[in-house]
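Notes follow the structure.
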Amino acid sequence: MNIFEFAKEKEKYAEDFYRDRAAKSPDKGLSKIFLLLANEEEKHFDMIDKMQSDKPAEFGETDVLADAITIFEKIREGGKKFTFDKSELELYKEAQKIEEDSRKFYLEKAGEVTNQAYKDIFLRLADEEKKHYLLLDNIIEFVARPERWLEDAEFYHLEDY
């Protein structure tokens, strides 16, 4: 399997995972965040598909972190009490592993390709996967300790990189 097919397969798997989580989420806010992540993975797939077809590929700006922060703030303001099954936590940790593996893959491929445009896109994809990892870190913290997480005024660490 070539680099592009493998990358597209990874992105499609992540997209399907997030769409499934969005459909099954016990909270509308989390569901929105998972849909944001699914849409981001779909954009990554399309970017890689263009690269594979030797079509011009530009990486547009993403607002996934800003959008997620807004959603987290609304969750916090709502003051709703949450209870999550431990299996939810394990699913989010699995998603985090997917993002970390994807990040490593893109960093590795950026080091292997000679085409500078491809290198730049792979580095940008790696950066995007890191942002997704951090977002999932917040979701994991939220699921593990929802009351403390919601009470904490500095409840997120989602800086733009």
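The values are calculated or read from the model by the stated rules, or taken from the named source; none is laboratory data. The structure displayed is predicted, hence computed values, not measured ones. With ideal geometry, Cβ positions are generated from the backbone for all residues, glycine too; neighbour counts draw on all protein chains shown. Accessible surface is based on the protein model in full, side chains and every heavy atom, while ligands, DNA and RNA are left aside. Shrake-Rupley method; radii C 1.70, N 1.55, O 1.52, S 1.80 Å.
Against the list (1) charged (D, E, K, R); (2) on the phi > 0 side of the Ramachandran plot; (3) in contact (Cβ under 8 Å) with a residue 24 or more places away in the chain, the condition D54 fails is (3). Pairing each residue of region 90-113 that is within 11 Å of Y133 (Cβ to Cβ) and without any contact (Cβ under 8 Å) to a residue 40 or more places away in the chain with any residue that is open to solvent by less than 20 Å² (accessible area, probe 1.4 Å) and assigned to a helix (DSSP H, G or I), provided the two are 6+ apart or on different chains, yields C-beta distances under 6 Å for R103/A126; R103/E129.
Taking residues in region 61-84 that are within 23 Å of L125 (Cα to Cα) and at pLDDT 75 or above, and partners anywhere that are of a type in the set (K, R) and open to solvent by 90 Å² or more (accessible area, probe 1.4 Å), the pairs with Cβ atoms closer than 9 Å and at least 6 places apart or on different chains are D67/K32; A68/K32. Name the single residue, out of those in region 1-30 being surrounded by 13 or more Cβ atoms within 10 Å (Cβ to Cβ) and not in a helix (DSSP H, G or I), that is nearest to the chain's Cα centre (by Cα). Ranking the qualifying residues of region 1-30, first place goes to S25.
Filter region 125-147 for residues that are open to solvent by 60 Å² or more (accessible area, probe 1.4 Å) and at pLDDT below 90; which is farthest from F4 (Cα to Cα)? Give the derivation first.
Here is the first cut: in region 125-147, the ones open to solvent by 60 Å² or more (accessible area, probe 1.4 Å) are 130, 133, 145, 147.
If we keep only those that are at pLDDT below 90 too, we end up with 145, 147.
Working: R145: 39, E147: 42 Å.
Step by step, filter region 125-147, then rank; the result is E147.
Just to be sure, is L150 modelled with pLDDT under 85, in a helix (DSSP H, G or I) and open to solvent by less than 60 Å² (accessible area, probe 1.4 Å)?
Values: modelled with pLDDT under 85: yes; in a helix (DSSP H, G or I): yes; open to solvent by less than 60 Å² (accessible area, probe 1.4 Å): yes.
When the stated conditions are applied, L150 passes them.
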